[in-house]
Amino acid sequence: MTDPRDRIELPGGPHYSLEPTAPHERAVARYLRGQYIALRHFSPAEFGEDWPRMSVALLARLDLFRERLGSPVIISPAPGALGRQLGASDTSQHNIDRWGEVRAADVMLPRTDLRDRATGEAVVQIARGLFGGVGLYLDWQPHNGLHLDVRGYRRSGLPYPTEVATWSRVAGQYVALDRAWDVAA
Ligand SMILES: [Zn+2]
(Lines give C-alpha, C1' and ligand atoms only; values in the text may rest on other atoms or scores of the structure.)
Protein backbone atom coordinates (compact mmCIF):
# COMPACT_ATOMS: atom_id res chain seq x y z
CA MET A 1 0.00 0.00 0.00
CA THR A 2 1.16 3.47 -0.77
CA ASP A 3 1.33 5.74 2.22
CA PRO A 4 -1.15 8.61 1.68
CA ARG A 5 1.55 10.99 2.84
CA ASP A 6 3.46 10.06 -0.28
CA ARG A 7 0.70 11.29 -2.52
CA ILE A 8 2.09 13.71 -4.98
CA GLU A 9 0.46 17.08 -4.98
CA LEU A 10 1.47 18.94 -8.06
CA PRO A 11 -0.05 22.04 -9.58
CA GLY A 12 -2.25 20.96 -12.45
CA GLY A 13 -3.52 17.78 -10.86
CA PRO A 14 -3.11 14.28 -12.17
CA HIS A 15 -1.65 15.33 -15.49
CA TYR A 16 1.55 16.34 -13.77
CA SER A 17 1.70 19.70 -15.45
CA LEU A 18 3.99 22.02 -13.59
CA GLU A 19 3.70 25.74 -13.99
CA PRO A 20 6.96 27.12 -15.30
CA THR A 21 6.51 30.37 -13.43
CA ALA A 22 6.41 29.05 -9.86
CA PRO A 23 8.81 31.33 -7.98
CA HIS A 24 10.56 28.52 -6.12
CA GLU A 25 11.46 26.71 -9.31
CA ARG A 26 14.75 27.14 -11.00
CA ALA A 27 14.44 28.62 -14.42
CA VAL A 28 14.37 25.20 -15.96
CA ALA A 29 11.13 24.87 -17.80
CA ARG A 30 10.52 23.50 -21.20
CA TYR A 31 7.47 22.92 -23.24
CA LEU A 32 7.39 19.20 -23.59
CA ARG A 33 4.84 17.42 -25.76
CA GLY A 34 2.04 19.79 -24.83
CA GLN A 35 2.93 20.05 -21.16
CA TYR A 36 5.07 22.37 -19.14
CA ILE A 37 7.52 20.70 -16.87
CA ALA A 38 9.69 22.59 -14.42
CA LEU A 39 12.46 20.70 -12.69
CA ARG A 40 14.35 21.91 -9.67
CA HIS A 41 17.14 19.39 -9.79
CA PHE A 42 17.66 18.29 -13.37
CA SER A 43 18.43 20.10 -16.57
CA PRO A 44 17.27 18.88 -19.98
CA ALA A 45 20.88 18.29 -21.00
CA GLU A 46 21.18 15.51 -18.42
CA PHE A 47 18.68 13.50 -20.46
CA GLY A 48 20.59 13.94 -23.70
CA GLU A 49 18.80 12.97 -26.87
CA ASP A 50 16.09 11.25 -24.83
CA TRP A 51 14.84 14.56 -23.38
CA PRO A 52 12.02 15.09 -25.91
CA ARG A 53 10.80 11.55 -25.32
CA MET A 54 10.89 11.51 -21.54
CA SER A 55 7.65 10.66 -19.74
CA VAL A 56 6.48 13.80 -17.95
CA ALA A 57 5.27 11.64 -15.06
CA LEU A 58 8.74 10.11 -14.78
CA LEU A 59 10.48 13.49 -14.87
CA ALA A 60 8.21 14.90 -12.17
CA ARG A 61 8.92 11.89 -9.95
CA LEU A 62 12.65 11.93 -10.52
CA ASP A 63 12.66 15.55 -9.42
CA LEU A 64 10.63 14.75 -6.30
CA PHE A 65 12.84 11.77 -5.56
CA ARG A 66 15.92 13.97 -5.67
CA GLU A 67 14.14 16.55 -3.52
CA ARG A 68 13.18 14.04 -0.84
CA LEU A 69 16.55 12.30 -0.94
CA GLY A 70 18.43 15.52 -0.36
CA SER A 71 21.57 14.42 -2.18
CA PRO A 72 22.71 14.11 -5.80
CA VAL A 73 21.03 11.83 -8.31
CA ILE A 74 22.65 11.39 -11.71
CA ILE A 75 21.54 9.52 -14.79
CA SER A 76 23.68 6.42 -15.23
CA PRO A 77 26.30 6.87 -17.95
CA ALA A 78 25.62 3.32 -19.19
CA PRO A 79 24.07 3.02 -22.68
CA GLY A 80 20.32 2.51 -22.44
CA ALA A 81 19.98 4.10 -19.01
CA LEU A 82 17.00 6.05 -20.37
CA GLY A 83 15.39 5.13 -23.68
CA ARG A 84 15.90 1.86 -25.52
CA GLN A 85 14.53 0.65 -28.83
CA LEU A 86 13.61 -2.96 -28.22
CA GLY A 87 10.73 -3.57 -30.62
CA ALA A 88 7.01 -3.41 -29.95
CA SER A 89 6.72 -6.64 -27.93
CA ASP A 90 9.34 -5.98 -25.25
CA THR A 91 7.58 -4.61 -22.17
CA SER A 92 10.59 -2.89 -20.59
CA GLN A 93 9.64 0.54 -19.28
CA HIS A 94 12.76 1.81 -21.06
CA ASN A 95 11.33 0.70 -24.40
CA ILE A 96 10.31 3.63 -26.58
CA ASP A 97 9.04 1.29 -29.28
CA ARG A 98 6.47 -0.10 -26.86
CA TRP A 99 5.38 2.95 -24.88
CA GLY A 100 6.17 5.85 -27.18
CA GLU A 101 8.06 7.54 -24.37
CA VAL A 102 10.81 6.81 -21.87
CA ARG A 103 9.14 5.56 -18.71
CA ALA A 104 12.20 4.30 -16.84
CA ALA A 105 15.51 5.78 -15.73
CA ASP A 106 18.59 4.10 -14.34
CA VAL A 107 20.12 6.50 -11.86
CA MET A 108 23.20 6.57 -9.65
CA LEU A 109 23.52 8.13 -6.20
CA PRO A 110 27.16 9.18 -5.98
CA ARG A 111 26.98 10.47 -2.39
CA THR A 112 24.72 7.75 -0.98
CA ASP A 113 25.99 4.35 0.13
CA LEU A 114 23.18 2.03 -0.89
CA ARG A 115 25.16 -0.97 0.36
CA ASP A 116 24.60 0.27 3.89
CA ARG A 117 21.32 -1.34 4.91
CA ALA A 118 19.84 1.55 6.90
CA THR A 119 20.72 4.02 4.19
CA GLY A 120 19.56 1.75 1.38
CA GLU A 121 16.25 0.94 3.05
CA ALA A 122 15.54 4.63 3.61
CA VAL A 123 16.26 5.41 -0.04
CA VAL A 124 14.08 2.53 -1.22
CA GLN A 125 11.27 3.77 1.02
CA ILE A 126 11.38 7.16 -0.68
CA ALA A 127 11.42 5.53 -4.11
CA ARG A 128 8.48 3.25 -3.30
CA GLY A 129 6.33 6.29 -2.58
CA LEU A 130 6.95 7.70 -6.02
CA PHE A 131 7.54 4.95 -8.57
CA GLY A 132 5.73 1.88 -9.82
CA GLY A 133 8.95 -0.06 -10.36
CA VAL A 134 12.05 0.10 -8.14
CA GLY A 135 15.15 -1.98 -8.79
CA LEU A 136 18.16 -1.74 -6.49
CA TYR A 137 21.51 -2.41 -8.16
CA LEU A 138 24.37 -2.91 -5.74
CA ASP A 139 26.71 -4.06 -8.50
CA TRP A 140 26.79 -1.03 -10.80
CA GLN A 141 29.97 0.95 -11.29
CA PRO A 142 31.19 3.52 -10.50
CA HIS A 143 28.23 4.01 -8.14
CA ASN A 144 25.41 1.82 -6.89
CA GLY A 145 22.06 2.85 -8.25
CA LEU A 146 18.40 2.34 -8.90
CA HIS A 147 16.08 1.55 -11.77
CA LEU A 148 13.02 3.76 -11.37
CA ASP A 149 9.90 3.64 -13.54
CA VAL A 150 6.26 4.75 -13.65
CA ARG A 151 4.52 1.48 -14.46
CA GLY A 152 1.02 1.11 -13.04
CA TYR A 153 0.26 4.70 -12.15
CA ARG A 154 -2.18 5.07 -15.02
CA ARG A 155 -3.95 1.84 -14.22
CA SER A 156 -4.42 2.95 -10.65
CA GLY A 157 -6.30 6.07 -11.78
CA LEU A 158 -4.49 7.88 -8.98
CA PRO A 159 -1.43 10.12 -9.08
CA TYR A 160 0.65 7.34 -7.60
CA PRO A 161 0.90 3.58 -8.21
CA THR A 162 -1.06 1.28 -5.91
CA GLU A 163 1.45 -1.53 -6.36
CA VAL A 164 5.20 -1.29 -6.63
CA ALA A 165 7.30 -3.91 -8.39
CA THR A 166 10.64 -4.28 -6.63
CA TRP A 167 13.80 -6.29 -7.16
CA SER A 168 17.51 -6.06 -6.57
CA ARG A 169 20.74 -7.30 -8.09
CA VAL A 170 23.85 -8.14 -6.14
CA ALA A 171 27.03 -9.33 -7.89
CA GLY A 172 25.06 -10.17 -11.02
CA GLN A 173 22.40 -12.15 -9.15
CA TYR A 174 18.76 -11.03 -8.92
CA VAL A 175 17.32 -11.33 -5.44
CA ALA A 176 14.26 -10.04 -3.59
CA LEU A 177 14.80 -6.43 -2.63
CA ASP A 178 14.57 -6.99 1.11
CA ARG A 179 17.28 -9.66 0.87
CA ALA A 180 19.79 -7.52 -1.01
CA TRP A 181 21.79 -6.50 2.06
CA ASP A 182 21.97 -10.05 3.41
CA VAL A 183 23.29 -11.34 0.10
CA ALA A 184 25.75 -8.46 -0.17
CA ALA A 185 27.07 -8.94 3.35
ZN1 LIG B 1 16.40 0.20 -15.90
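The values are calculated or read from the model by the stated rules, or taken from the named source; none is laboratory data. Everything quoted here is computed from the prediction, not taken from an experiment. Because the Cβ atoms are built from the backbone with ideal geometry, glycine has one as well, and the counts that use them run over all protein chains shown.
For segment 41-64, check the following and say yes or no: at least one residue is closer than 24 Å to Val134 by Cβ, within 14 Å of the ligand (Cβ to nearest atom), at pLDDT 95 or above and not hydrophobic (A, V, I, L, M, F, W, C).
No, every residue in segment 41-64 fails to be closer than 24 Å to Val134 by Cβ, within 14 Å of the ligand (Cβ to nearest atom), at pLDDT 95 or above and not hydrophobic (A, V, I, L, M, F, W, C).
From the residues in segment 133-150 that are within 12 Å of Trp167 (Cα to Cα) and of a type outside the set (A, V, I, L, M), which one is nearest to the ligand (Cβ to nearest atom)? Talk me through it step by step, then tell me what you get.
Here is the first cut: in segment 133-150, the residues within 12 Å of Trp167 (Cα to Cα) are 133-138, 146-148.
From what's left, of a type outside the set (A, V, I, L, M): 133, 135, 137, 147.
Details: Gly133: 8, Gly135: 6, Tyr137: 8, His147: 3 Å.
That would be His147.
Criterion first (touching a helix residue (DSSP H, G or I) at 6+ places or on another chain (Cβ under 6 Å) and modelled with pLDDT of 95 or more) does Leu130 satisfy it? Please lay out each step first, then the result.
Working: touching a helix residue (DSSP H, G or I) at 6+ places or on another chain (Cβ under 6 Å): yes; modelled with pLDDT of 95 or more: no.
No; evaluated as a whole, the condition is false for this residue.
Among (1) at pLDDT below 95; (2) polar (S, T, N, Q); (3) in contact with a strand residue (DSSP E or B) (Cβ under 7 Å, 6 or more places away or on another chain), there is one condition Gln93 misses while meeting the rest; what is its number?
It is condition (1) that Gln93 fails.
Restricting the search to segment 152-185, which residues are within 13 Å of the ligand (Cβ to nearest atom) and either at pLDDT below 90 or under 16 Å from Asp116 (Cα atoms) (or both)?
Those that are within 13 Å of the ligand (Cβ to nearest atom) and either at pLDDT below 90 or under 16 Å from Asp116 (Cα atoms) (or both): Ser168, Arg169.
For segment 93-139, which residues satisfy the criterion of being crowded, with 22+ Cβ neighbours inside 10 Å and of a type in the set (D, E, K, R)?
Correct list: Arg103 only.
Could you please tell me which pairs satisfy a Cβ distance under 7 Å, a separation of 6+ or placement on different chains, a first residue in segment 55-67 that is outside any helix (DSSP H, G or I), and a second residue that is at pLDDT 90 or above?
Cβ pairs passing all conditions: Ser55/Glu101; Ser55/Val102; Ser55/Arg103; Ser55/Val150.
For segment 68-92, name all the residues that are surrounded by 13 or more Cβ atoms within 10 Å (Cβ to Cβ) and either away from the ligand (no atom under 13 Å from the Cβ) or in a strand (DSSP E or B) (or both).
Across segment 68-92, the qualifying residues are Arg68, Leu69, Pro72, Val73, Ile74, Ile75, Arg84.
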